[in-house]
1. With +1 on each Lys and Arg Cβ and -1 on each Asp and Glu Cβ, how big is the dipole of the range 108-172 about its Cα centre, in debye rounded to the nearest 20?
2. What distance in nm lies between label points placed 7 Å from Cα along the C-beta direction at ALA68 and ALA168?
3. With a ≥ b ≥ c taken as the square roots of the eigenvalues of the C-alpha gyration tensor of the range 151-210, please select rounded if a/c is under 1.5 and otherwise prolate if a/b is larger than b/c or oblate if it is not?
4. Could you give each residue of the range 129-143 its phi-based ³J(HN,Hα) in whole Hz, using Karplus coefficients 6.51, -1.76, 1.60 with θ = phi - 60°, and x for Gly or Pro?
5. Taking the simple approach of a point 7 Å from Cα along Cα-to-Cβ for both ASN110 and GLU208, what is their distance in nm?
6. List the lysines whose alpha-carbon lies under 29 Å from that of LYS136, not counting same-chain residues fewer than 8 positions away?
7. Give the long-range amide H neighbours of GLU167: residues separated by 5 or more places, or on another chain, with amide H under 5 Å away, using H modelled in the peptide plane at 1.01 Å from N.
8. By how many nm would the segment from ALA127 to ASP176 lengthen if fully extended, with 0.36 nm per residue of separation less the alpha-carbon distance?
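What follows is calculated from the coordinates using simple rules that are stated; it is not laboratory data. Only a predicted model underlies this, so the values are computations on that prediction, with no experimental measurement involved. Every residue, glycine among them, receives a Cβ derived from its backbone with ideal geometry; neighbour counts consider all protein chains shown.
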Amino acid sequence: MSQSEEQPNVVVNDRRRIDPETGEVRPAAEQDAPAPASDETTPAEEGGRHAAPEVEVGGPGAVESDPAAELKAQLDERTADLQRLTAEYANYRKRVERDRELVVSTAKANVAGELLGVLDDIERAGAHGDLTGAFKAVADKLVNALGGTGLEPFGHEGEDFDPSVHEAVQHGTSPDVSGPTVTAVLRRGYRFGERVLRPALVAVTDYEPAADAPAEPQQQD
C-alpha cells in the first residue's frame, strides 16, 4: 500500500464510565454523547425512511364497522338456526307419529289374527243354520268390531286365482272358465290393511277346451 493513499478516519467512542487514565467517573453527558453521523445509510434505516405511514386505529384511514350490518348478519344466523331446529323437530314428530301408528296397527293385527279361528266357527255355524238368536247377535257384533279395526275377508268363488293371496288345495279343468279361477273356497282368507294375515284355501279350475265329439257313422241305404 502506497503512502499516497488516504487512510479512512476511524472514530472510536469510549463509553466507559470510569476514565482509565484518571480513574474518575466521567460525566453523564460525556457517556451519552451520540456517535458522529455517518454519510452511509444502512438498509434498515433506508427501509424505515421509505416505510408506509402508520394509520392510527380510529384515525382518518381506519375502516369503521357498520353496526346495522353486523346486527343483520347475527339476525340471519339466528333465523337460520331457528329454521333448522324447526325442521328437525317436525321430522322428529312425523317419525314418532309413524312409529306410533305402526305399533298400534301391529297390535290390532295380532289381536285380529288370534280371533280368526272364532270367525271360522261363526261362518261354519251360519252355513249350517246354527247361527240364530242371541248367538247370532253376539257374532254379528264381533264381526263388525273386527271389521271396524281394518280386518277384511277375501276369497270368493268366481274371482281370478292370485297365488299371493290364494292357496290352491284342489285343481281341475273346465271349458267354462277363461283362466285359473277360484271355483270353491274351503277357508276364508283375511288381510289387515296391506298385510295378509292368512291366505285363502281354494279350489282352482283351469281352462281346457272341450274334446271334439266323434262323428256319427253315416247310414247306408
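1. So the magnitude is around 380 debye.
2. The answer from the label model is 8.2 nm.
3. Here the range 151-210 falls in the prolate category.
4. Result, rounded to whole Hz: x, 8, 8, 9, x, 5, 5, 5, 5, 5, 5, 5, 4, 5, 5.
5. The answer from the label model is 4.7 nm.
6. LYS108
7. Answer set, sorted by chain and number: ALA200, LEU201, VAL202.
8. 15.0 nm is the gain from fully extending ALA127 to ASP176.
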